[in-house]
Amino acid sequence: MRPLLISFSGLDGSGKSTQIAALRAHLEERGLRVQTLAFWDDVVVGTRWREGFVHKVYKSEKGIGAPGKPVARRDKNVRKWYLTIARHALYALDAANLCLVAGHASRSGADVVIMDRYIYDELANLPLRNPLTRWFVQAVHALVPRPDIAYLLDVDVEAARARKPEYPEDFMRECRRAYFDLERTLATMTVIPPLPLREATPEVIRVTQERMRNDEVLVAA
């Protein structure tokens, strides 16, 4: 039996790490074997080259923004036409590698595989109103494994930026709209409304348990 595949997507500061840790703890308390993967570390192709490029060419600051310690990131918020073309090619490579990584994870012996971000987070960074891009998105979506549950954590933009001050507020609002455009296009994502982190956790657990019961997956556990 293949493991249950669960992905978490959303803005920086939406609480993905918090919800993943809480869900993992909940599942492990019930005796389930859980494997967690980070999309950037375990799936993305050429991470060092891509990081080095934005740091050198666009002077993107290193590190993760924190309250009182903002970081000026310049990577996905740089919207040059040639970068848009490059992103299509790179995201296609990432999608192909995602198929391989997911295949390895399905044979790992885990009952549940949780992914911190997914290909959806990259696709949401493309110009989705462009017809060719929309075709590309549909093609990638048909290629990659479809998560059993694909969470989209919605969040108030100001609250997200307060937790991770890395990108301009206008850009984050644009990203939030893009996530919902993608959700309407693919119709495969489960939206968790912008709740306080402690209130969002029970909702994530409830949806997970309901899906497991409906699919008769790991019910005994």
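You will find that of TYR118, TYR179, the residue that is touching a residue at least 12 places away in the same chain (Cβ under 8 Å), farther than 28 Å from GLY68 by Cβ, crowded, with 21+ Cβ neighbours inside 10 Å and among the hydroxyl-bearing types (Ser, Thr, Tyr) is TYR118 and no other.
Taken over segment 25-47, residues that are within 21 Å of THR201 (Cβ to Cβ), free of Cβ contacts under 8 Å to residues at least 60 places away in the same chain and among the charged types (D, E, K, R) amount to 2. Among the residues making up segment 138-179, those that are closer than 30 Å to ASP111 by Cβ and not in a strand (DSSP E or B) are VAL140, HIS141, ALA142, LEU143, VAL144, PRO145, ARG146, PRO147, ASP148, ASP154, VAL155, TYR179. In segment 47-123, counting only helices (runs of 4 or more DSSP H) that sit wholly within it, the ones holding 1 or more residues that are closer than 19 Å to GLY10 by Cα and at pLDDT 90 or above span 81-106, 119-123.
Applying the set (1) without any contact (Cβ under 8 Å) to a residue 12 or more places away in the chain; (2) farther than 29 Å from MET212 by Cβ to ARG184 leaves exactly one unmet item: (2).
Residues in segment 48-65 that are loosely packed, with under 14 Cβ neighbours inside 10 Å, within 21 Å of the chain's Cα centre (by Cα) and within 30 Å of GLU158 (Cβ to Cβ): LYS62, GLY63, ILE64.
The values are calculated or read from the model by the stated rules, or taken from the named source; none is laboratory data. Because the structure is a prediction, the values reported are computed rather than measured. Methodologically, a virtual Cβ is constructed for each residue, glycine included, from the backbone with ideal geometry; neighbour enumeration extends over all protein chains shown.
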